[in-house]
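Participant: Below: one structure in structure tokens.
The values are calculated or read from the model by the stated rules, or taken from the named source; none is laboratory data. None of these values were measured; they are calculated from a predicted model. Glycine gets a Cβ as well: all are built from the backbone with ideal geometry, and neighbour counts include every protein chain shown.
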Amino acid sequence: MTTQHHDKLGRELAIDDCVAFPHHNGLMVGKIIKLNPKMLGIQAIGETMARWDNGEYRKYPSETVRLDNMDLTVWLLTR
């Protein structure tokens, strides 16, 4: 049995999808690397991490919004 997760807008999530997710008072962009029974494993994209931080986060699927290729391209170009 495979685990199915859906983002805040009801779209199905899969490994290697890019998502936006909250972190402290900000919004981060990351790639789904693991689907756990209740949570997602997400690797942050484009963030500088401290030595003790490997850039991996666990978030509930309802806390994420899947980004389309165009959304991600625009975000990368405006950085």
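Let's see how each residue does on (1) modelled with pLDDT of 90 or more; (2) on the phi > 0 side of the Ramachandran plot; (3) surrounded by 10 or more Cβ atoms within 10 Å (Cβ to Cβ); (4) among the small types (Gly, Ala, Ser):
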| residue | (1), (2), (3), (4) |
| --- | --- |
| HIS6 | yes, no, yes, no |
| PHE21 | yes, no, yes, no |
| HIS24 | no, yes, no, no |
| LYS31 | yes, no, yes, no |
| MET49 | no, no, yes, no |
| ASP53 | no, no, yes, no |
| TYR57 | yes, no, yes, no |
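Participant: Taking segment 18-37 as the region of interest, how many residues are out of contact with any Ser or Thr (no Cβ under 9 Å at 6 or more places or on another chain) and assigned to a loop (DSSP other than H, G, I, E, B)?
Facilitator: 2
Participant: Return the pairs, sorted by first residue and then second, in which the second residue is buried (at least 17 other Cβ atoms within 10 Å of the Cβ), the first residue lies in segment 24-46 and is over 19 Å from LEU76 (Cβ atoms), the beta carbons are less than 6 Å apart, and the residues are 6+ apart or on different chains.
Facilitator: If the second residue must be buried (at least 17 other Cβ atoms within 10 Å of the Cβ), the pairs left are LEU40/ILE32; LEU40/LYS59; LEU40/PRO61.
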